[in-house]
1. Each residue of the range 136-141 in turn: what ³J(HN,Hα) in whole Hz from Karplus with 6.51, -1.76, 1.60 and θ = phi - 60°, glycine and Pro shown as x?
2. Which aspartates and glutamates, if any, have their Cα less than 14 Å from the Cα of LYS194, not counting same-chain residues under 8 positions apart?
3. Tell me the relative contact order for the chain as a rounded percent, counting alpha carbon contacts under 8 Å between residues six or more apart.
4. What are the ³J(HN,Hα) values, in whole Hz, obtained from phi via the Karplus relation 6.51 cos²θ - 1.76 cosθ + 1.60 with θ = phi - 60°, for each residue of the range 321-329 in sequence order, with x given for Gly and Pro?
5. How do HIS270, HIS281 rank when sorted from fewest to most other Cβ atoms within 10 Å of their own Cβ?
6. Dipole of the chain, Cα-centred, from +1 at each Lys and Arg C-beta and -1 at each Asp and Glu C-beta, to the nearest 20 debye?
7. Helix 2-12 versus the longest principal axis of the chain: what is the Cα-based angle in degrees, 0 to 90, to the nearest 10?
8. Would you please state the base-10 log of I(q)/I(0) at q = 0.14, 0.17 1/Å for the range 299-369, with intensities from the Debye formula using one equal scatterer on every alpha carbon?
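Bear in mind these aren't lab numbers, they're just calculated from the coordinates by the rules spelled out. Predicted model only: the values in this text are computed from it and were never measured. Reconstructed Cβ throughout: ideal geometry from the backbone, glycine too, with neighbour counts over all protein chains shown.
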Amino acid sequence: MILFLLLSSLTAFALETEFSGSGELQYRNSRNNPEADKYFQTWKKTEAKIFLGQVGVKVQHQHHSVESNLFVRYLETPLLRNPNNLAPKFYLFPQRMVVRDLFNLKASQTSSRERVEALPTKLFYQIELEKFRVEIGRVYLTYGQGEIFNPINPFNQPTALNASAQVAQGNDGGTLTYFASQKHDLHLSIFGDKSQGETQKTFWFRTNSRLSDQLSLMLVGGEDQKRKKAGAEVTYQGEEALYFSQIFYQKNALDQESFDFLLGLDQQLHSLWHLRVEAGHQKRFKKNVSSDTNRFLPTETFLSIGNQIEITPLLKQQVTFIYDLKSSFAYGVLKTVYEVRQDLEIEGFFLGPALKGGKASDPLQEIVTRDFGLALRGYF
């Protein structure tokens, strides 16, 4: 009888544990843009070796869980000898893996040729009840339909124009979610950031509403690092395509105002052909090349067209072009992905200017490099 009670108690308190992760090895050969000399980018060609790895753990007991994700990133390139070289910032995009950072839980080391960093991008406790969910710690905020440009989410940068696999960025604080019904939910978040010394606070809300079977509305807003921000996203699921639009407003501490816009289409044209179109406008408060590398998109008013074509069940071709409507500058991303097996893939890629255009409407257009490379990715 005692043995039965003991076994029952252990079963009742049994923890469910899940592991997941990925690893990526990448080689790049880069050629510099001749116009980059004016920004003191005087190198001609170089190479880089990159490793990205992450391991996630989730431990759950009934309504309680703890989730973590350890992220490791390594870069080797001779460009690190000169701190003014901007190309390593693109190699390691997004540069900040924790965008609202209170605790500085990062180990990093940089030499004249190598840079390595390791940090938890996710580490939080969660309790989930019938109508509520609470997350406290370092959390992800991943929302919004934009893959090239996603202005309504300042807490996670899209990486579609980069060669690395999708990674999520962390935020220190907490989120309370209220599930009002199957069609409506409310998210309230409080974050803090001490990366600039002084603690900067974020108070953020997000609502999701299904207005009909096809139409959804998302509203976001609050005060984020001394900026007032508000935005909305409307999505419509048609019979053959997903249509979406975003508008985002912000006002900084200097009372400078800006509006960002996005229109998009996502459609499976054929069983072997997937099409995605995004057009939009992003406004920066200042033109500073070094700070602009925090946002990968090298244009303000743009049209992007992305295609994924399934050549065989194991071989896919991805082609994305982004076009600057002001300067006629175009940036291209070509990726060929071969699935060796379900958890392993090889990718060959090209990133770089496809059209030079006239006078650059953004400094990034004159410093962006041409990169050829290979990547090997594994998942578990």
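1. In residue order, the calculated couplings are 10, x, 9, 10, 9, 10 Hz.
2. Candidates past the 8-residue exclusion: ASP101, ASP172, ASP224.
3. Values: 953 pairs, mean separation 50.1, N = 380.
RCO, the chain: 13 percent.
4. For the range 321-329, the Karplus-derived couplings read 10, 10, 10, 7, 6, 8, 9, 6, 5 Hz, x marking Gly and Pro.
5. HIS270, HIS281
6. In total the dipole reaches around 1220 debye.
7. 30
8. Calculated log10 I(q)/I(0) at the listed q: -0.51, -0.66.
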